[in-house]
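Below is one structure; the comments refer to it alone.
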Amino acid sequence: MRGNRPIHPDFLEHLERKDPALVALFVDARQFLLDLHPEANELLYRTHALTAVFSLSDRLGDAFCMLPIYTNHFNLGFNRGSRLPDPHQLLTGTGSLIRHIDVSTAADYRNERVEALVRAAIAFAREDMDKPSKAVGLTVSKIGKKK
């Protein structure tokens with residue numbers, strides 16, 4: 001299922017400052033995640049990275065994946081990656097929970113192995129939720145405006 005959810009203007013303002021090839025890859029990875037879970041809520045942040053977080057609710061604690069985009073690269077992050085089955089050892093990182101896949105081309109995420117990881121992350125987040133959410137398919141900007 002391919003939906004067409006526009007990128008929030010707050011996020012787009014910062015995204016447009018990045019390399020066009022990196023932006024195109026990011027946009028495709030974002031669509032990949034939204035195609036796998038169209039009901040996901042997208043929470044947008046700008047800290048050390050410009051990040052789109054995909055959650056089952058409007059809470060960061062219910063997130064399953066994220067796409068942090070840095071100056072020259074981005075990755076596909078899994079909020080509870082250390083707890084996910086990863087038989088193909090796709091995930092890297094040393095944090096207690098978060099793991100990621102480095103992204104250089106669409107082939108790094110557009111494959112059955114990564115799709116299985118994303119689906120496992122969604123299932124894990126669903127099992128870990130305190131209560132079901134009524135928030136569905138929202139885009140919520142946590143990016144502050146310049147004064």
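Points worth noting:
- Only one of the listed residues (99, 80) is without any contact (Cβ under 8 Å) to a residue 40 or more places away in the chain and in contact with a helix residue (DSSP H, G or I) (Cβ under 6 Å, 6 or more places away or on another chain). That residue is 99.
- Condition met for residue 94 (surrounded by fewer than 13 Cβ atoms within 10 Å (Cβ to Cβ), of a type in the set (Val, Ile, Thr) and without any contact (Cβ under 8 Å) to a residue 12 or more places away in the chain): yes
- Residue check, residue 25 part of a strand (DSSP E or B) and in contact (Cβ under 8 Å) with a residue 40 or more places away in the chain: no
- Only one entry in 63, 29 is crowded, with 21+ Cβ neighbours inside 10 Å, over 19 Å from residue 108 (Cα atoms) and among the small types (Gly, Ala, Ser), namely 63.
- A count restricted to the stretch 121-147 and to residues that are assigned to a helix (DSSP H, G or I), in contact with an Asp or Glu (Cβ under 9 Å, 6 or more places away or on another chain) and not hydrophobic (A, V, I, L, M, F, W, C) stands at 2.
- Checklist (1) out of contact with any strand residue (DSSP E or B) (no Cβ under 7 Å at 6 or more places or on another chain); (2) crowded, with 18+ Cβ neighbours inside 10 Å applied to residue 71, failing item: (2)
- Filter result (surrounded by fewer than 18 Cβ atoms within 10 Å (Cβ to Cβ) and either of a type in the set (Gly, Ala, Ser) or under 20 Å from residue 42 (Cβ atoms) (or both)) within the stretch 97-119: 98, 104, 106, 107, 110, 115, 116, 119
Here's the yes/no breakdown for (1) outside any loop (DSSP other than H, G, I, E, B); (2) within 19 Å of residue 103 (Cβ to Cβ):
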position: 44; (1), (2): yes, yes
position: 48; (1), (2): no, yes
position: 52; (1), (2): yes, yes
position: 57; (1), (2): no, no
position: 61; (1), (2): yes, no
position: 66; (1), (2): yes, yes
position: 72; (1), (2): no, yes
position: 75; (1), (2): yes, yes
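- For the stretch 79-111, the set of residues classified as part of a strand (DSSP E or B) and under 18 Å from residue 61 (Cα atoms) consists of 99, 100, listed by residue number.
- The residue list 114, 118 contains one member that is assigned to a helix (DSSP H, G or I), under 21 Å from residue 128 (Cβ atoms) and free of Cβ contacts under 8 Å to residues at least 40 places away in the same chain, which is 114.
Bear in mind these aren't lab numbers, they're just calculated from the coordinates by the rules spelled out. Given the structure is predicted, the values throughout are model-derived calculations rather than measurements. So basically every Cβ, Gly included, is an ideal-geometry build from the backbone, and we count neighbours across all protein chains shown.
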